[in-house]
1. Which residues, taken from region 100-113, are touching a strand residue (DSSP E or B) at 6+ places or on another chain (Cβ under 6 Å) and assigned to a loop (DSSP other than H, G, I, E, B)?
2. Return a yes/no flag: does region 89-96 have any residue that is out of contact with any helix residue (DSSP H, G or I) (no Cβ under 8 Å at 6 or more places or on another chain) and either of a type in the set (K, R) or modelled with pLDDT under 85 (or both).
3. Considering region 110-132 alone, what residues qualify as being surrounded by fewer than 19 Cβ atoms within 10 Å (Cβ to Cβ) and either touching a Pro at 6+ places or on another chain (Cβ under 7 Å) or not hydrophobic (A, V, I, L, M, F, W, C) (or both)?
4. Just give me the residues in region 133-145 being surrounded by 11 or more Cβ atoms within 10 Å (Cβ to Cβ), more than 14 Å from L79 (Cβ to Cβ) and not basic (K, R), in sequence order.
5. Among the residues of region 64-80, is there at least one that is polar (S, T, N, Q), buried (at least 16 other Cβ atoms within 10 Å of the Cβ), assigned to a loop (DSSP other than H, G, I, E, B) and modelled with pLDDT under 90?
6. Could you tell me whether W128 is out of contact with any helix residue (DSSP H, G or I) (no Cβ under 7 Å at 6 or more places or on another chain) and at pLDDT 90 or above?
7. Please go through region 103-118 and pick out each residue that is in contact with a Phe, Trp or Tyr (Cβ under 6 Å, 6 or more places away or on another chain) and either among the hydrophobic types (A, V, I, L, M, F, W, C) or touching a residue at least 60 places away in the same chain (Cβ under 8 Å) (or both).
8. For the structure I just gave you, tell me whether K33 is at pLDDT 85 or above and either touching a helix residue (DSSP H, G or I) at 6+ places or on another chain (Cβ under 8 Å) or charged (D, E, K, R) (or both).
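The values are calculated or read from the model by the stated rules, or taken from the named source; none is laboratory data. Quick caveat, the model's predicted, so the values are computed rather than measured. Glycine also receives a Cβ, built like all others from the backbone with ideal geometry; neighbour counts cover every protein chain displayed.
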Amino acid sequence: MNALVPAEFQPFVLPVSVGLGVVLIVLLLFATKKRSRSVAPAPSAAGMRSSQWTSPMPSFADRRGSTRREGGNPVKVTLASPAFKSGTHIGYVLDRSTGGLRMASATGLPVGSSVQVRAAHAPDETPWVTILVRSCKPSGKGYEMGCEFDKTPPWNVLLLFG
């Protein structure tokens, strides 16, 4: 080894060799992990039904990241959307989670539309919450909508939905 490396560089040979070896191992692990990931194909616009949102990766298990609170009395809410010709409509929260609401309303909204919602019994200074309609299907005399919060509202506002 003395013949291959000059004397002034000999103290650095071992640490540099170990460092390069570690970098090589990390790069190999990263490359194999990236290759092993499979990407699900994006759903086509023609394959999506306009009446219901479907997940690109269907599953038999509930994939919801937050706990759903079902039951209890439905909470009356006021809905505001540019899609409503008369300004606001009344709806009822059937169940709720930190991720969104399931509501019943006399009027359905297109999937993907944005709606402002506020509990009917909330004080006037309570902020409106923006939700996105993810599914809308006829139910009895009205419609049942699955909605996702654009941003999770503060806890005190979330509690007003039941």
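1. Passing the criteria: A106, T107, G108, L109, V111, S113.
2. No, there is no match, as no residue in region 89-96 is out of contact with any helix residue (DSSP H, G or I) (no Cβ under 8 Å at 6 or more places or on another chain) and either of a type in the set (K, R) or modelled with pLDDT under 85 (or both).
3. P110, G112, S113, S114, Q116, H121, P123, D124, E125, T126, P127, T130, listed by residue number.
4. Of everything in region 133-145, those that are surrounded by 11 or more Cβ atoms within 10 Å (Cβ to Cβ), more than 14 Å from L79 (Cβ to Cβ) and not basic (K, R) turn out to be S135, S139.
5. no
6. It is true that W128 is out of contact with any helix residue (DSSP H, G or I) (no Cβ under 7 Å at 6 or more places or on another chain) and at pLDDT 90 or above.
7. Result: A104, V111.
8. No, not satisfied.
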